[in-house]
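Here, each number is a calculation from the coordinates, and none is a lab measurement. All of these numbers come straight from a predicted model, not from anything done at the bench. Positions of Cβ are generated from backbone atoms using ideal geometry, with glycine treated the same way; all protein chains shown enter the neighbour counts.
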Amino acid sequence: MFDRFLAVPKTDSISSFPLVFLTGCILLLSTVSAAWGQSAPTHPAILTSSEIVGPAQSDKQRAELYKTLAKQTQWMQRQSEVLRTVAKLVGPSVVHIVADLDDKKKGQIEEAGSGVIVKRNDRYYVLTNRHVIRDAAPPDVRIKLCDRRWIKAENILIDKATDVAVISVDAPNLIEANIGDSDRMQTGDFVLAMGSPFGLSHSVTFGIVSARNRRNLQLGDPDVEFQDFLQTDAAIHPGNSGGPLVNLRGEVIGINTAIASHTGRNEGVGFAIPSNMLMKIARQLIDKGEVERAFLGVKIDSSFGPAMAAEVGLPRPIGARITSVNAGSPAEAAGLRVNDVILKFQNTPVDDCSHLVNMIGVTPVDTPAELVIFRDHEQIVLTVKLGSRE
């Protein structure tokens, strides 16, 4: 606006109207300049040095600004205190793992990752990913605690189908983590990822649960058959594998396992094995030394879509539709039939066929499982005693 007023065209003679107009513009500019506490600029296109650097601040002004900032950030500081408390609580339970491995192509290599300490039957264990230690023998696995002590692995138990490993350890003053209920986590919940990215032990990053129930991921390891990952945008890098994903109550609700990345570095999409699935596997490994896969004895429709859902009487394709029942199976004994749709397994809604397979695959053998079945436009409840895959 000021530029337009100042760009007055030159004339050979000045009439009374242009003179009055020019005088009015000068008065207006002077008034505005006085209100801004500045004199009119000598040239509209050039900034003065004070305008570039900014107004000088006295010590008193800066002190007042610091007081204002302190008031403005009180709420954010309280939120930050929550994160600090969570990190202090869980940090002593997080470990850094180094495994000396024999690689057929590269020879002797060193693999690094993370883990978290838990306690069961009065003994301590480190939970981590199987791919962190692969097939290393206990003497080849070293574990660094939060207080910088190094301890050895006593025994290692693994489950390739879920990428879970349990390492038994024995040392004084070990601190176990609290395990939370991963089924309570919802998309948008805040979480912290803890571990040793790039060997930088006991690092913490912050984010949210960005999705649940991620399955059928191509992880580069065909042995990982059962998947039900939590997805998070908390930064996860190489070395974070096996470290805990923690909620704001200081509970472990998963272990960080994989990232989706074109570069091999964090791009905001990470995946964690949920704690409920993790502990089902860990308990079997600790108590039995292996994981027994449960067996229902049905074939299910992997292409169950809207047309078939309408045909059986459902408004949309939910659950898992049975296409055949094996003779002599637990399913036959429980009275399951072709075209039954399993809507719930152990009170958990069934999303699709892969979801049902995952849940059955991590359930202990001989467990009486309650099923909600959709049959002939009605919901019925059946109980089946799961058998063994073997």
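Observations on the model:
- Shape of segment 183-275, Cα gyration tensor, a/c cut at 1.5: oblate
- Taking 0.36 nm per residue of sequence separation and removing the Cα-Cα distance, the Ile208/Thr323 pair yields an extension gain of 37.5 nm.
- Computed about its Cα centre, the charge dipole of segment 85-219 is approximately 220 debye, with only Lys, Arg, Asp and Glu carrying charge at their Cβ.
- Across the alpha-carbon set of segment 261-390, the Rg to Rh ratio works out to 1.04, Rh being the Kirkwood radius.
- Calculated FRET efficiency, Thr85 to Asn216, Cβ-Cβ distance, R0 = 41 Å: about 0.65 to the nearest 0.05.
- The ranking of His377, His237, His96 from fewest to most other beta carbons within 10 Å of each one's beta carbon is His377, His237, His96.
- Segment 231-309, relative contact order [Cα under 8 Å, separation at least 6], %: 24
- Note on Cys353, Cys146: ascending count of other Cβ atoms within 10 Å places them as Cys146, Cys353, the fewest first.
- Full extension of the chain between Gln57 and Ala333 yields a length gain of 91.0 nm, computed as 0.36 nm times the residue separation minus the alpha carbon distance.
- Relative contact order [Cα under 8 Å, 6+ residues apart], segment 294-388, whole percent: 32
- Eigenvalues of the alpha-carbon gyration tensor of segment 318-390, scaled by 5 and square-rooted, set the equivalent ellipsoid semi-axes at 17, 14, 11 angstrom, largest first.
- Ranking of Ile318, Ile281, Ile156 by count of other Cβ atoms within 10 Å, fewest first: Ile318, Ile156, Ile281
- Cross-link pairs exceeding 26 Å between alpha carbons, from the set Lys119/Lys152; Lys88/Lys152; Lys288/Lys344; Lys67/Lys88: Lys288/Lys344; Lys67/Lys88.
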